[in-house]
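Below: the structure, in structure tokens.
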Amino acid sequence: MESQWGDGGSVDLDGARLEEMSPEPLLTRDYETRPSLVYERLRQRHGPVAPVDLLGVPAWLVLGYQESLQVLQDDDGWPKGLENWRARSEGRVPSDWPLGPSLEVNHVLIQGGPGYRPLRAAWDIALKPFQDPGHPQARRLKRAVTAYADELITLMGQGGSTGLADLSAQFSRPLPLMVASHLLGIPGSQGDDALMDMWRVLDAGPDAEPALERLLATLAELAAAKLDKPGDDFPSYLLAAHPGLSIDELARELFMLLGMTSDHVGILISNTVVEVISGEGSVRASLSAGMVKETMNRVVMRKPPLVNFVPRFAARDTPLGNYTIRAGDPVWVSAAAAHADPLFAKNVCPSTTVSTRAHLSWGAGPRQCPARELASTVAAVGVDRLFERFTHLDLALPVDQLPWRSSPFMRGLRSLPVRYELAPVAPERRLAYDQSTPSTESESDLPDPSARQRSSLWRYLTGLIRTGR
């Protein structure tokens with residue numbers, strides 16, 4: 001049986017086996033600069049599911065919206081867990097595959113099998129105090145996010161009330177990392193040093209490997225401390241909900257929260273700022289009306305931070321799109337491609353003020369991101385503080401010249417250069433900003449200014465002010 005798609009030739013639906021195909025590489029220069037064109041080319045050639053080469057390893061990429069839902073909502077038919085990967089079990093995945101290390105860490109995002117459900121239940125319990133708006137922890141966290149945002153904005157303002165800044169490096173990326181440090185209960189400047197190491201790991205530069213070793217050691221020390229003396233923080237709540245976690249297992253969960261949530265939120269803040277600055281007047285008006293989360297929903301529909309989810313695997317031979325996916329084949333759902341699926345996109349009105357909730361930015365089904373409400377709140381507070389504290393924010397580059405960074409999972413801006421003008425601050429408010437706290441915040445929830453000055457993160461951010469003018 002054959003099917004004709006676009007001008008790409010025929011596709012053998014019944015006999016095609018992934019390991020016998022010659023799929024085109026996904027992570028190319030074209031993908032780095034214009035991933036939408038790559039998705040569309042694959043869609044024209046193969047339909048809603050396409051074979052791709054991921055740095056030397058073949059996989060199926062799901063491009064269709066309905067097919068993405070089919071996979072995401074059926075955890076039994078499309079389970080996670082590397083133990084389900086047939087090629088890996090047969091020794092056909094190279095030991096030095098670049099994506100191997102990020103998938104081998106067996107945390108809640110990756111894990112399959114019987115251990116997942118109790119772990120996910122513990123995550124939901126541990127996060128609830130921070131995501132329930134009526135809980136004191138959620139209110140305390142929101143005040144802390146506001147304080148951290150004001151702290152970063154005030155630091156930028158030390159370069160002058162008007163000037164140039166890289167809003168990604170100086171605000172969007174450090175803010176969620178600082179919030180994650182608050183959630184984890186990492187003490188003082190040690191937390192900021194861990195954040196810098198997380199930053200190095202996410203950038204995957206030459207110092208990423210030693211940074212990862214330091215970070216995991218720090219998180220293991222933190223896990224041991226929380227096991228010995230629990231506090232009012234996420235790791236302590238997770239241990240209480242899942243007492244069987246070992247120190248190493250807890251450290252892996254903390255690594256996932258620190259890395260995945262912070263990168264996702266940082267990209268979401270930057271993308272939302274670009275949307276507001278470069279959008280029509282209605283975008284700014286809706287933001288002024290307090291509809292920040294509506295603006296973010298429109299942003300993640302067009303530019304989701306998490307473009308491709310970690311792989312799932314066919315539990316049995318299953319038709320999907322125009323192929324039969326064989327048991328044990330890896331399947332990567334692409335949220336970015338699914339949002340651009342013509343069969344889905346034609347039903348989404350781009351100009352409406354109230355956005356659709358049908359986006360897949362946080363996943364779908366039983367494994368939808370457990371921290372989605374928390375992450376959305378952090379991003380919304382960050383965006384809101386920016387547009388309250390700055391009277392003018394304008395892009396320092398044309399929007400089509402902004403530099404992007406792509407990975408197999410995430411896509412975000414390398415930098416966000418802006419021209420800014422700070423709003424005048426009343427004396428009583430200026431004191432609050434300088435102390436990095438609203439007047440209602442308790443002393444124990446505040447960053448220690450002297451520790452900040454000693455931390456590597458703060459030295460780095462201060463250096464950007466001196467050199468960024």
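The values are calculated or read from the model by the stated rules, or taken from the named source; none is laboratory data. Because the structure is a prediction, the values reported are computed rather than measured. For neighbour counting, all protein chains shown are included, and Cβ atoms are generated from backbone atoms with ideal geometry for every residue, glycine included. Accessible surface areas use protein heavy atoms only, side chains included; no ligands, DNA or RNA. Shrake-Rupley method; radii C 1.70, N 1.55, O 1.52, S 1.80 Å.
Show me, for the stretch 74-90, the HN-Hα J-couplings you get by feeding each phi into the Karplus relation (A = 6.51, B = -1.76, C = 1.60, θ = phi - 60°), rounded to Hz, glycine and proline as x.
10, 6, 7, x, 9, x, 8, x, 5, 5, 8, 8, 4, 4, 5, 5, 8
At 0.36 nm per residue, minus the direct Cα-Cα distance, what do K229 and R34 gain on full extension? Give it in nm, one decimal, please.
Between K229 and R34, full extension yields 65.3 nm more.
Give me a comma-separated list of calculated 3J(HN,Hα) values for the stretch 94-102, in order, Karplus coefficients 6.51, -1.76, 1.60 applied at θ = phi - 60°, integers in Hz, x for any Gly or Pro.
With the stated coefficients, the stretch 94-102 comes to x, 5, 9, 4, x, 8, x, x, 6 Hz.
Rounded to whole Hz and in sequence order, give me ³J(HN,Hα) for the stretch 159-171 from the Karplus expression 6.51 cos²θ - 1.76 cosθ + 1.60, θ = phi - 60°, writing x for Gly and Pro.
x, x, 6, 10, x, 10, 8, 9, 5, 6, 5, 9, 9
Peptides 389-397, 161-169: what's the order by average Cβ count within 10 Å, highest mean first?
On the way: 389-397: 15.6, 161-169: 18.6.
Highest mean packing first, the order is 161-169, 389-397.
I want to check the label-to-label distance for T391 and L464. Put each point 7 Å from Cα in the C-beta direction and report it in nm to one decimal.
It works out to 2.5 nm between the two label points.
Checking a compactness column here: for the stretch 87-162, what do you get for Rg(Cα) / (2.2 N^0.38 Å), N being the number of residues?
Rounded to two decimals, the normalised Rg is 1.84.
Report in % the part of the accessible area of the stretch 130-266 that belongs to carbon and sulfur, leaving out ligands and nucleic acids; probe 1.4 Å.
54
What distance in nm separates the two pseudo spin-label positions at E90 and Q73, each 7 Å out from Cα along the beta-carbon direction?
Output for this residue pair reads 3.2 nm.
Note the direction-averaged projected area, equal to a quarter of the hull surface, for the Cα convex hull of the stretch 77-124, in nm². Write out the running numbers ahead of the final one.
Details: hull surface 15.6 nm².
The orientation-averaged projected area of the Cα hull of the stretch 77-124 comes to 3.9 nm².
Given a Förster distance of 30 Å, report the FRET efficiency between A208 and E19 from their Cβ-Cβ distance, rounded to the nearest 0.05.
Working from the Cβ atoms, E equals 0.45.
Could you give the nm distance between label points at Q368 and T162, where each point is 7 Å from its Cα heading toward the beta carbon?
4.6
If amide hydrogens are placed 1.01 Å from N in the peptide plane, which non-local residues have theirs closer than 5 Å to the one on L61?
The answer is A50, V52, W332.
When only alpha-carbon atoms are used, what values of Rg and Dmax, in angstrom, describe the stretch 122-276?
16.2, 53
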